[in-house]
1. Are any residues in region 10-47 over 19 Å from the mean Cα position of the chain (by Cα) and polar (S, T, N, Q), and if so, which ones?
2. If I go through region 283-318 residue by residue, how many of them are assigned to a helix (DSSP H, G or I) and either within 14 Å of the chain's Cα centre (by Cα) or among the basic types (Lys, Arg) (or both)?
3. Anything in region 8-60 that is over 17 Å from Leu281 (Cα atoms), small (Gly, Ala, Ser) and either in a loop (DSSP other than H, G, I, E, B) or modelled with pLDDT under 85 (or both)? List them, or say none.
4. Please enumerate the residues belonging to region 28-53 that are surrounded by 14 or more Cβ atoms within 10 Å (Cβ to Cβ), over 15 Å from Leu324 (Cβ atoms) and either assigned by TED's automatic domain parsing to the domain that holds Asp256 or among the β-branched types (Val, Ile, Thr) (or both).
5. Quick one: which residue in Arg229, Arg250 is modelled with pLDDT of 95 or more and farther than 18 Å from Phe117 by Cα?
6. What about Ile231, is it β-branched (Val, Ile, Thr) and within 19 Å of Pro124 (Cα to Cα)?
7. Looking at Val200, is it crowded, with 23+ Cβ neighbours inside 10 Å and in a strand (DSSP E or B)?
8. Looking at this structure, is Ser193 within 21 Å of Met240 (Cβ to Cβ) and more than 22 Å from the chain's Cα centre (by Cα)?
Amino acid sequence: MSSSIRILTASHVDKVLSTLPPALALSSQAKVFRLYSAPSDVQPAPIQTPHRLTVSTEGSTMLFMPSRAPTDNDASSSAQTGSTTTAIKIVSVPTKGELGLPASTFIMDEASGSALFLSHFPTPTSPQNLILFGAGAQCVAHAVLFLRLHPTLTSVTFVVRSSNSRSQDAVSSLAKKFPMIHVTEAVHPSADSPGLPEVVGSADVIVAATSSTVPLFKSTPSVPKAGARVILIGSYKPTMHEVDTPLIQRSGVVVDSREACAVEAGELIGAGMEGRDLVELGEVLGGHGAVARGKVESKAGGKEGVIVFKSVGLGIQDVAIAKLVLDEAERQNLGTIVDEYD
């Protein structure tokens with residue numbers, strides 16, 4: 001029997017994601033995070049996300065992340081019931097120039113994990129100012145989702161080392177989608193850049209999505225400000241550091257995976273963080289969530305303290321969102337069908 005495959009372009013995916021209810025996306029993400037942090041004895045394991053495979057070329061680093069996860073849209077179903085999907089995420093990270101991050105899972109959406117974190121560790125007061133280090137697809141996706149989920153936001157700032165077509169496009173596209181929001185770019189070539197402490201210090205929510213090997217800003221007792229939430233999704237090697245060690249050491253820290261962060265999260269490794277210092281997002285979403293949240297807040301000095309979410313990326317997130325997008329694309333008859341592809 002021959003098989004067929006549906007190919008979705010970036011425009012098809014964007015069309016689906018623009019109408020996909022955020023609650024549905026977050027529900028699918030919450031389920032795989034919970035299951036990841038609560039392994040079962042079922043074989044074959046419903047949650048499988050082996051360590052990523054890396055292949056280096058002259059101009060890029062290729063990351064291959066195969067995963068298997070339950071993708072039943074019913075949040076109440078268990079790992080033993082419903083459908084399970086296997087997929088692979090492939091990312092090409094440029095090592096030269098200003099290029100973005102081409103990726104195929106066929107789909108990626110780290111923003112949902114960050115949104116789950118923010119929903120369980122909200123800022124003490126309604127957030128108004130969002131700043132993002134970077135101006136690539138991940139930053140834009142985070143800005144769009146956060147603006148949809150947090151209507152009190154009034155300002156979005158993309159912090160970049162230099163103004164270029166990508167950062168200008170990010171500002172213009174976001175301003176067009178959200179005309180009532182003040183959207184700007186702020187050029188700061190280094191952590192010592194004049195005016196950067198004021199920009200960071202004004203933020204309620206900070207997102208960093210870069211591959212920087214040095215901290216993007218210098219933290220102080222007032223930068224970030226009390227109650228700020230810091231989301232780190234860019235660095236994925238021990239040599240990469242988006243924030244400095246003092247900030248990590250004085251903050252409560254939530255991670256997507258203790259195991260993965262122990263070998264890939266440069267900020268946590270450099271700060272000497274161990275497994276007992278970290279709480280997985282899946283634990284916060286699980287049956288003992290109150291205990292997990294209490295541990296994080298205690299480390300931060302209370303809800304008014306700074307809380308960090310560090311994600312190096314779990315393939316199961318992409319499996320979950322990819323299945324949602326594929327189902328909706330099939331319903332809308334989007335994409336190109338290739339028959340007898342095997």
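1. Passing the criteria: Ser11, Thr19, Ser40, Gln43.
2. 7
3. Within region 8-60, Ala10, Ser18, Ser40, Ala45, Gly59, Ser60 meet the criteria.
4. Ile47, Thr49, listed by residue number.
5. Details: Arg229 fails: farther than 18 Å from Phe117 by Cα.
Testing whether each residue is modelled with pLDDT of 95 or more and farther than 18 Å from Phe117 by Cα leaves just Arg250.
6. On the way: β-branched (Val, Ile, Thr): yes; within 19 Å of Pro124 (Cα to Cα): yes.
In short, yes.
7. Values: crowded, with 23+ Cβ neighbours inside 10 Å: yes; in a strand (DSSP E or B): no.
Against the criterion (crowded, with 23+ Cβ neighbours inside 10 Å and in a strand (DSSP E or B)), Val200 does not qualify.
8. yes
The values are calculated or read from the model by the stated rules, or taken from the named source; none is laboratory data. Everything numeric in this text was worked out from a predicted model, so none of it was measured. Neighbour counts are summed over all protein chains in view; Cβ atoms, including those assigned to glycine, are modelled from backbone coordinates with ideal geometry.
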